[in-house]
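Notes follow the structure.
The values are calculated or read from the model by the stated rules, or taken from the named source; none is laboratory data. Note that the structure is a prediction, hence the values are computed from the model and not measured. Here the Cβ is made from the backbone with ideal geometry for all residues, glycine too, and neighbour counts use every protein chain on show. Remember, those area values only see protein heavy atoms, side chains included, never the ligands or the DNA or RNA. Shrake-Rupley method; radii C 1.70, N 1.55, O 1.52, S 1.80 Å.
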Amino acid sequence: MACNENIIKNIASEVTRNCQGRYVTVEEDFVTYLIGLLLLNPKYGKLFNKTINRNNLEYFVNECVAMLTRGETSITTLKMQFIMQTNYDKLQNLIDKHLESIDSCLRPLVNEILDEEPEPNEEDDSKKLFRKISIYIILVSGLGNPSQIMNLKEGVAALESVFSLDDLKVFVALPVSEKLTQLHELVQIVSGVRLFNRDCQKGGEGIPDLPFNLVDAGRACLASLSNNLIVVMQRVNTLTTAIEDSIIVQNETGNVEINVASEFTRDDYNQIFELLAFYRQYEIYTRKFLNDVDVLVQSATQCVERVRIILQELHTAVKYKAAVPVGTVFPLFSKLWQVWRDMQNIMFLVSTINRLMTTLTSVEEQIKMPTHILNRMLVGKQVLNDEDRMGQVRIEERLSLGSLKNYVTSDSKMTAFKENNVQFLGFCAVCLSVGALIPSNVKIGHIKSMGSRYGFCNVKMATLFSKTPQRYINEVLDYARNNPHVINLLNILDEVDRVKDVDVLISKHLPKTEVCDKDIQTETHPVDSYIEKNYTPDLWEWKRRACQLATIVNCRTHSTQTNYSHLRSEIQCQTSELRDKGLQTKKDCGVNTAPKNTFLWGLRGQLGDGQHVLPLKDAPHLEKQKAQPIRTCNWLCQKADQIGDTESLIEAIEAQTISTDVCREE
């Protein structure tokens, strides 16, 4: 899987930041816990199966943020589960963690004691080391505060009574491992001496009266938990009664469905299912606390009695004696301290349970009961508890279960059933398919499948499960991975983890379509008389008509506007489409411009520099004059013939040129 622990932490950090942007505060560790459960669902697990895509990552983050910001009851259930998993464990494990935390806090002081080696002649250094040992013994034993002078003096005096300065010199010369062993022995002996002095009323001001306080604290914790359990069970019974009749099973397909009443919706039932899951989880934790506190109270009572016996033995050993052998009293001092340490551990466990119960109560106060929905669901119903439901099974129904496959009665070997818990915490395995936590009836018995036992709320559910047990087990697992708050509630984390790579865990069963063969007798003549005018028995006539109809597709049609063309639908619009071409009119016309009134003479066929501008005499609006015949020739050649010699011709040409120049100057 590409999504390792570091990536999950990064995703949790991003989800936490996005929630803070929406003014919702969540712990990053809780988000990590939620992500771990969501990845058991293939819908989200497949997103990071091979590689991490940014789009998939953004989608997953948005889904987590949406779940956390909606504030549903399922998220509150997950928070309660997270608090218990991170703060509570087996009693011995809690004690070991507590003692380990004390040792880790005092480890620097222990290292100083083990590493320090004062000179034999340096008395001040020896007293300093002696004082450090006394402080360590007071701290690790929890018998007072060494910062108070009286507690420190009592600790030093008790240490001097069993460990002199000469013994300190021998202690310094020992190896580190032997130093550590002797230091632990000193803790037991010196602590026992201080406890004995307290019983003799010769000190012990900072030492609490643990035997008296322990018993009272245990009893007070039991009373508080019992009252809390009564309130929780009242709500559990109310919610269970409201929905236990809403689960139905189709006889044909075996599908489990919710019978939604007309005045309710599916969301209303889902809301009740989530509330019931929360209070069932709360009930489980409260009962666990009750059992543990009950065990602790019994242990505390035994410890108090053992302390009393050991103190009597000590008083008997030292009574009327000026000196007592070390081998006689030192084991008693050590035994007294060990019993006292057990009482300290019990007090720590009781205080831990009280603290956790207060935290869970604060979480429970965030839940709001939908009283308007519950009151309508409970109309005409009597609120029953789990014991009352067990008495509703008749003997005839129980006898009918004997023929079921893998059926196990609950009358025999009840102790075995108590030792080996029923799967799904004893809730009905069929009703869990839709998320309804209906408790199973022990008197009905159990069905054994794949080495596990499953309980049921009625005989019909048991009969249905015995036919296809794996189908309903898969339906429960599919519901659990889509609703992660149910996984740890039912203790099916391993089962859900095994099917996390299966995309489709269940298949929807559809009812079969009923088909039957029936004979229907129709009337001979349903219509009395009818004559078809267009009927003809001639086959060729039908072919001719068909050919006529076939030619219609090749005909051209046109539209005509009539008097009824305005009878159109109101929702349609008739428009004229735009044309790309221009419009052509029937009249062609143009615009004539005014001609010029000047003319450049001599641009064609004229030799020399004789071009000049000549004004046009005729106005443009006058009619064009007709051509007139030339009466007299103006060409120079004709003039030369009239003059008669070449010189005269040259003079005439020059005169013509001069006249041209004069025109240019003008």
Item checked: All positions within the range 221-256 that are open to solvent by 60 Å² or more (accessible area, probe 1.4 Å) and among the small types (Gly, Ala, Ser) -> Ser224
Notebook entry, point to check: Among the candidates Leu356, Leu360, Leu374, Leu290, which residue alone is closer than 30 Å to Ala261 by Cβ and either of a type in the set (A, V, I, L, M) or open to solvent by less than 30 Å² (accessible area, probe 1.4 Å) (or both)?
Noted result: Leu374
Notebook entry, point to check: What are the residues in the range 1-33 that are modelled with pLDDT of 90 or more and acidic (Asp, Glu), if any?
Noted result: Glu14, Glu27, Glu28, Asp29
Next item on the list: For the range 136-156, enumerate the residues that are open to solvent by less than 50 Å² (accessible area, probe 1.4 Å) and either under 22 Å from His98 (Cα atoms) or touching a residue at least 60 places away in the same chain (Cβ under 8 Å) (or both).
Entry: Tyr136, Ile137, Ile138, Val140, Ser141, Gly142, Leu143, Gly144, Pro146
Notebook entry, point to check: In the range 496-553, which residues are of a type in the set (S, T, N, Q) and either assigned to a helix (DSSP H, G or I) or under 30 Å from Ile473 (Cα atoms) (or both)?
Noted result: Ser507, Thr513, Gln548, Thr551
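Would you confirm whether any residue within the range 280-296 is in a helix (DSSP H, G or I) and closer than 15 Å to Arg376 by Cα?
No, because not a single residue in the range 280-296 is in a helix (DSSP H, G or I) and closer than 15 Å to Arg376 by Cα.
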Next item on the list: Return yes when Leu159 is within 17 Å of Ser334 (Cβ to Cβ) and open to solvent by less than 70 Å² (accessible area, probe 1.4 Å) and no when it is not.
Entry: yes
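Scan the range 82-93 and give yes if some residue there is part of a helix (DSSP H, G or I) and over 22 Å from Arg355 (Cα atoms), otherwise no.
no
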Notebook entry, point to check: Of the numbered conditions (1) open to solvent by less than 50 Å² (accessible area, probe 1.4 Å); (2) of a type in the set (S, T, N, Q); (3) farther than 30 Å from Thr32 by Cβ, Asn121 satisfies every one except a single condition; which is it?
Noted result: (1)
Notebook entry, point to check: What tally of residues in the range 45-59 results from selecting those that are open to solvent by 10 Å² or more (accessible area, probe 1.4 Å) and within 16 Å of Asp503 (Cα to Cα)?
Noted result: 5
Check: In the range 306-348, how many residues are open to solvent by 80 Å² or more (accessible area, probe 1.4 Å) and under 22 Å from Gly218 (Cα atoms)?
Finding: 3
Note to self: Scan the range 358-367 and tell me whether some residue there is under 30 Å from Arg306 (Cα atoms) and free of Cβ contacts under 8 Å to residues at least 60 places away in the same chain.
What the structure shows: no
Next item on the list: Would you be able to say whether some residue in the range 480-501 is open to solvent by 100 Å² or more (accessible area, probe 1.4 Å) and modelled with pLDDT under 90?
Entry: yes
Next item on the list: Report, ordered by the first and then the second residue, all pairs with beta carbons closer than 6 Å, sequence separation of six or more or different chains, a first member in the range 449-477 that is in contact (Cβ under 8 Å) with a residue 40 or more places away in the chain, and a second member that is open to solvent by 20 Å² or more (accessible area, probe 1.4 Å) and acidic (Asp, Glu).
Entry: Val459/Glu397
